[in-house]
Amino acid sequence: MARKVFDRLEDAADSKVFETCARFGYAANGLLHFVIGIIAVSVAAGARGDIERSGAVEALADLPAGYILLWTSFLGAAALAIFQLSEAAFRWKHRDKKEKLARRMKAAFKAGGYAAVSVSFGVYALGGETDSSAEAREFSAALLSAPLGAALLVAVGAGVIAVGCYYLFKGATKRYCKDLEEQPQGAHGIVIHVLGSVGYLTKGLALAVVEILIIGAAVTSSPKDSTGLDGALKALQEQFLGTVALSIIAIGLMCYGLYSIVRAPLDRM
């Protein structure tokens with residue numbers, strides 16, 4: 001009976017309908033990054049705004065028919081998270097143990113990321129609110145209050161460094177091309193390569209800035225210094241040529257968002 005249930009779940013994960021729904025998750029994630037980039041550009045120009053996931057979702061909710069967009073994005077991101085979980089559970093059965101473990105851990109990590117995106121859309125779709133900066137501070141405070149809390153927070157920072165380096169590597173080597181079923185050619189291909197390279201490189205830089213604040217919070221035992229993307233980029237803006245750096249990262253996040261939207265129908269599922 002357990003085996004039959006397992007096989008049914010695997011068949012459902014491989015269905016074209018489910019795959020199509022999951023592709024909307026890439027577009028939802030791209031839309032989120034694009035709006036975060038727009039908010040960052042406006043902040044660099046002197047406006048006020050929250051350069052974070054919750055600020056972007058709130059901005060989308062204020063659009064005409066925004067809640068339709070929120071529900072569609074919520075369902076797409078949730079489907080993509082479930083798809084990644086199915087990858088972790090069912091795929092790469094015949095690979096060697098080390099490769100299988102690495103690929104499944106990567107899929108599980110992606111599932112967690114897309115689940116977080118889905119929750120952000122879902123909370124606002126249901127009429128609620130979130131505050132990404134407050135959540136980052138609370139998480140840092142909870143870690144610092146635990147035994148070896150500073151070491152744990154440094155470990156989190158090291159994890160963010162690893163993810164940032166992965167994005168930088170992927171952008172510099174165009175490794176993101178391996179995610180696509182077919183390599184786009186001509187002008188279309190050039191646009192996708194520019195969006196992908198710039199997007200991955202600048203997202204890696206943005207994560208590096210966040211990591212500096214995380215480790216800084218651990219060293220000073222001050223959770224208020226760990227404020228997520230919004231606090232990190234606004235702290236960057238206060239530095240010499242910070243507005244220029246913020247503008248570059250903002251444009252890069254917009255490029256990453258557009259690449260993710262373009263990637264949706266082309267991804268190797």
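Of the residues Ser118, Ser15, the one with the largest accessible area comes first in the ranking Ser15, Ser118, computed with a 1.4 Å probe on protein heavy atoms.
Which pairs, out of Lys170/Lys203; Lys110/Lys170; Lys16/Lys203; Lys110/Lys174; Lys93/Lys174; Lys16/Lys106, put more than 21 Å between their alpha-carbon atoms? Please list the in-between numbers first.
Working: Lys170/Lys203 11 Å; Lys110/Lys170 15 Å; Lys16/Lys203 31 Å; Lys110/Lys174 19 Å; Lys93/Lys174 27 Å; Lys16/Lys106 23 Å.
Over 21 Å Cα-Cα: Lys16/Lys203; Lys93/Lys174; Lys16/Lys106.
Between Glu138 and Ala108, the contour length at 0.36 nm per residue exceeds the Cα-Cα span by 8.4 nm.
Quick one: if the Förster radius is 51 Å, what FRET efficiency do Ala151 and Arg48 give, using the C-beta to C-beta distance and rounding to 0.05?
On the way: r = 36 Å, r/R0 = 0.71.
Using R0 = 51 Å, I get an efficiency of 0.90.
Which of the chymotrypsin sites (Phe, Trp or Tyr not before Pro) found in segment 38-113 are in a DSSP loop and have at most 15 neighbouring Cβ atoms, other than their own, within 10 Å? Here the sparse-neighbourhood loop sites are Trp92. Ala111 sits among other residues whose Cβ lies under 13 Å from its own Cβ, and their net charge, with Lys and Arg +1 and Asp and Glu -1, is +4.
Contour minus end-to-end for Leu266 and Ala187, with contour as 0.36 nm per residue of separation and end-to-end as the Cα-Cα distance?
Details: separation 79, 0.36 × 79 = 28.44 nm, distance 1.60 nm.
Computed gain between Leu266 and Ala187 is 26.8 nm.
Here each label is just a point 7 Å from Cα along the line to Cβ, and for Ala59 and Leu180 those points are 2.6 nm apart. Extending 7 Å from Cα along the Cβ direction at Ile68 and again at Gln239 yields two label points whose distance is 4.4 nm. Distances between placed amide hydrogens fall under 5 Å for Leu180 paired with Arg268, all partners being 5 or more residues away or on another chain.
The values are calculated or read from the model by the stated rules, or taken from the named source; none is laboratory data. All figures in this text were calculated on a predicted structure; none of them were measured in a lab. In this analysis, Cβ positions are derived from the backbone assuming ideal geometry, glycine residues included, and neighbour counts consider all displayed protein chains. Side chains included, ligands, DNA and RNA excluded: accessible areas come from the protein's heavy atoms. Shrake-Rupley method; radii C 1.70, N 1.55, O 1.52, S 1.80 Å.
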